[in-house]
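K.L.:
A single structure is presented below for examination.
Quick note: the coordinates plus some simple rules give every number you see, no bench work behind them. Small disclaimer: the values here were computed from a predicted structure and weren't measured. For neighbour counting, all protein chains shown are included, and Cβ atoms are generated from backbone atoms with ideal geometry for every residue, glycine included.
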Amino acid sequence: MAAGTLLRELNRDVWEPFRSAYGKLDAAGFMAVHSPDLIRAGGPTKKVQGYAEYAAEIRDWFARVSANGDSLDIGFRFLERLAAGDAASERGVYRIAAMRAGTPKVFHGRFHVFCRRSDGRWRIVVDYDADDGATEEAFTSGVALDDVAAFEG
């Protein structure tokens, strides 16, 4: 299967539902893009977690954001998108736009995920992110989600 086709499948199965669930503070929808055997590392907690621990953390965080009347939006730009067969590796920069107590805040970080397709559906199996000084410039220099042609060989 062509790389562009695989990347469009990844957008459909992982990135679009990820963004949607994140913005809706939908913990169940957010975790549905992750494999039950997920390995999650880095992030604000700077630790390694499995699916259950990460799901509990996300449920608690989304509930706090919602209870405070705050909102979140996340965007992704890609530096590398590799996909072949039923496996993929994707690296890039994310931008979180948060509204906290009526004040807008923007956060950036770097991510690296490994995905696997099982039963015709892609899911994240390894998720690493870091807030290591990523900037708006790093974000805008990445490739947009829908620009799969940039990674077609």
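K.L.:
For Ser141 and Asp86, FRET efficiency with R0 = 41 Å and r from the beta-carbon atoms, rounded to 0.05?
P.N.:
On the way: r = 30 Å, r/R0 = 0.73.
Computed FRET efficiency for Asp86 and Ser141 comes out at 0.85.
K.L.:
Let me ask something else about it. In deg cm²/dmol and to the nearest 500, what is the mean residue ellipticity at 222 nm of the chain if only DSSP H runs of at least 4 residues count, each as -39500 (n - 2.57), divided by the residue total? It would help to have the intermediate numbers written out before the result.
P.N.:
On the way: 5 runs with 45 residues, N = 153.
After summing the helix terms and dividing by the residues of the chain, the value is -8500 deg cm²/dmol.
K.L.:
If one computes the Cα centroid of segment 16-32 and of segment 82-114, what distance in Å separates the two points?
P.N.:
Segment 16-32 and segment 82-114 have Cα centres separated by 13 Å.
K.L.:
What whole-number value in cubic angstrom gives the convex hull volume per residue for the C-alpha atoms of the chain?
P.N.:
On the way: hull volume 15.5 nm³, N = 153.
Convex hull volume per residue, Cα atoms: 102 Å³.
K.L.:
Separate question: If I fit a long axis through the Cα atoms of helix 51-67 and take the longest principal axis of the Cα atoms of the chain, what angle between them do I get, 0 to 90°, rounded to 10?
P.N.:
The helix 51-67 is inclined about 50 degrees to the chain.
K.L.:
Once you put a point 7 Å from the Cα of Ser118 and another 7 Å from the Cα of Tyr51, both along the Cβ direction, what distance in nm separates them?
P.N.:
In this crude label model, Ser118 to Tyr51 measures out at 0.6 nm.
K.L.:
Hey, what do the phi angles of segment 127-141 turn into as Karplus ³J(HN,Hα) couplings, whole Hz, using 6.51/-1.76/1.60 and θ = phi - 60°, x for Gly and Pro?
P.N.:
Once rounded to whole Hz, the list reads 9, 10, 9, 9, 9, 8, x, 4, 10, 4, 5, 5, 4, 5, 7.
K.L.:
Looking at the P(r) of segment 1-72, how many percent of alpha-carbon pairs lie beyond 16 Å? Please list the in-between numbers first.
P.N.:
On the way: 1429 of 2556 pairs.
Everything past 16 Å amounts to 56 percent.
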